[in-house]
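Trainee: There's a structure below that I have some questions on.
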Amino acid sequence: IAFCPRQQQHRVVARRPSESEMKQAVVLLACGASGFVGPWRGVRLTAPHAASIEEMIEKSKIDRLAFLESQAMDVLRVAAAEFSHPVFPNAMIVGDCVITHLLHKLELMDRVKVMVVDTLHLLDSTMPFLAELEATYGFEAHVFRPEGCDTLEDFEKIFGMGLWKTSIDEYDRAAKVEPFQRGLKTLEADVMINGRRRDHGADRAYIDIAEIAPIGGGLAKINPLAYWTFEDCFDYATRENVPLHPSVALGYPSQGDAKDTVPVPDPEGLSGVQGEAGSVRFEAGAWHGDKKIWLDYGSERRGRFVGLSDKDGSKKTECGIHVDGAERSWDRDLWGGVGNEGVHTAVVNLPTREDALALKNSGGPAVVVVYAPWCPYSIAMEEEYEKLAVELSAKGITVAKYRGDVDREFVKAEFNVKAFPTINVVTKDGLVKYFSEDRQMEQMLAFFDEQTGAAV
């Protein structure tokens, strides 16, 4: 016989209970009933008087959101109390809108600096929506754009039209990573608040709610929504009347650059789901269409980076901002210089155009790399290029560096630069570009020997 804490009516039946009766008993036990059900005697229990199954589900959602909100608020309080310069990079996706609301609810908008990277390629509604958020929550975002650019026309004048078509990596560095890192440096960030969640999948599947600063440089990270789901974000936004990006009501689950962001589904099936644009959407606090298409694990960003691939041919899933170590180098040069004071390097710095041209026209033999200190590929080759410098400098050969991201037109015209890093061997006949992406010391040395005949 099973006993219900709510003193449910029951009657004993001298037969084995049916499957439906057993399910009713299991539900009551799950609701808190104690006791047992015997193998040959069952109990028919009426539905709980206090709550229907639907009400029980709704209550569980309310309880879950209350817990998630409390947990997120706790870690945001830590970020504000324990760090000097907390910064929140806000991309105005659904999760970021939730975090903005939480910060306002905690009265931390004056304590936490909101940073926005405007790539100059965003959806047309994104920057006007930022103005709406600023007015609603009473803050002023710190907006960072590609270096030297205020408009798309500025960007195309400096970097050329359709840079993302010719080199998506260079586009990411110029439009996203560099302004992102410059923003963190300018705002003196010592902790970064962001909207990454485990249900994004891939590299985010095991993140925790907080990550300490990595050894060797970098920021502590606060992930207040780490244990939330995408559905939790929408449920919370509905409950709290959180403003969401207007494209959500048009069928866009995630918001990025207009050039490679599509609704899900989309008419051409570029997102992996073909269908009428807007047939799945979230509008005025209600779902329209099959919400599972958006809410399935790892599906939030399936309409992002459409048509773009990483170098290994796999579908692009990150722009470089949130990859490991992307924020490490904003205040550190490579091969000596700022952030490396007291560190010996065999790489010779070329501080001016005149120095760079003098080496170029010297007849060599020599090696020079044109680099950007924030570029992940420049950072990745730092150790191997240092080995090359040690090897060749012992023979009296100059191995040099020239920072190119602050002098793009010059390096493009004089040093074969289309992307960073670019390595050239200086020979008596001029520069010879090293095209390989294998930047191990042995391969670079073999190329040098091939071009110079190893003559010293």
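The values are calculated or read from the model by the stated rules, or taken from the named source; none is laboratory data. Note that the structure is predicted; figures quoted are calculated from it, not measured. Glycine also receives a Cβ, built like all others from the backbone with ideal geometry; neighbour counts cover every protein chain displayed. Quick note on the areas: whole protein, heavy atoms, side chains included, nothing else; ligands and nucleic acids left out. Shrake-Rupley method; radii C 1.70, N 1.55, O 1.52, S 1.80 Å.
Trainee: If you count only protein heavy atoms with a 1.4 Å probe, what accessible area per residue comes out for the range 42-165, rounded to a whole Å²?
Mentor: Details: 6180 Å² over 124 residues.
I get 50 Å² per residue for the range 42-165.
Trainee: On a 30 Å Cα-Cα criterion, which of the cross-link pairs LYS59/LYS259; LYS105/LYS259; LYS360/LYS395 come out too long?
Mentor: Values: LYS59/LYS259 42 Å; LYS105/LYS259 34 Å; LYS360/LYS395 19 Å.
Listed pairs above 30 Å: LYS59/LYS259; LYS105/LYS259.
Trainee: Separate question: Residues with beta-carbon under 12 Å from that of TYR385, excluding TYR385: net charge, scoring Lys, Arg +1 and Asp, Glu -1?
Mentor: Working: positive: LYS387, LYS401, ARG439; negative: GLU382, GLU383, GLU384, GLU386, GLU391.
Once positives and negatives cancel, what remains is -2.
Trainee: Let me ask something else. Give the distance, in whole Å, between the Cα centre of the range 412-449 and the Cα centre of the range 166-243.
Mentor: A separation of 35 Å, based on Cα centres.
Trainee: Over the range 353-456, calculate the relative contact order: mean separation of alpha carbon pairs under 8 Å at least 6 apart, over the residue count, as a percent. Before the final figure, lay out each step's value.
Mentor: On the way: 143 pairs, mean separation 38.3, N = 104.
Relative contact order of the range 353-456: 37 percent.
Trainee: Kindly identify the range 346-407 as rounded, prolate or oblate by the Cα gyration tensor criterion: order the square roots of the eigenvalues as a ≥ b ≥ c, call it rounded if a/c is under 1.5, otherwise compare a/b with b/c, prolate if a/b is larger, else oblate. List each step's numbers first, then the result.
Mentor: Details: a/c = 2.59, a/b = 1.09, b/c = 2.37.
The shape class here is oblate.
Trainee: Taking K and R as +1 and D and E as -1, what net charge do the other residues with C-beta under 9 Å from the C-beta of VAL114 add up to?
Mentor: Combined, the nearby Lys, Arg, Asp and Glu give -1.
Trainee: What figure in square angstrom, to the nearest 10, would you give for the accessible area of ASP124 with a 1.4 Å probe?
Mentor: Using a 1.4 Å probe on the heavy atoms, I get roughly 150 Å².
Trainee: Among the listed pairs LYS165/LYS418; LYS157/LYS185; LYS185/LYS387; LYS61/LYS292; LYS113/LYS157; LYS176/LYS387, which are separated by more than 21 Å between their Cα atoms?
Mentor: LYS157/LYS185; LYS185/LYS387; LYS113/LYS157; LYS176/LYS387, as the Cα separations exceed 21 Å there.
Trainee: Counting Lys +1, Arg +1, Asp -1, Glu -1, what net charge surrounds GLY148 among other residues with beta carbon under 10 Å of its beta carbon? Could you put the intermediate results ahead of the total?
Mentor: Values: positive: ARG145, LYS157, ARG408; negative: GLU147, ASP150, ASP154.
After counting each charged neighbour, the total is 0.
Trainee: Determine the distance separating the Cα centre of the range 103-152 from the Cα centre of the range 347-398; give it in Å without decimals.
Mentor: Answer, in whole Å: 39.
Trainee: Still on this structure, I have one more. State the percentage of accessible surface on the range 53-114 attributable to carbon and sulfur atoms; use a 1.4 Å probe and exclude ligands, DNA and RNA.
Mentor: Values: 1700 of 2990 Å².
Ligands and nucleic acids excluded, carbon and sulfur reach 57 percent.
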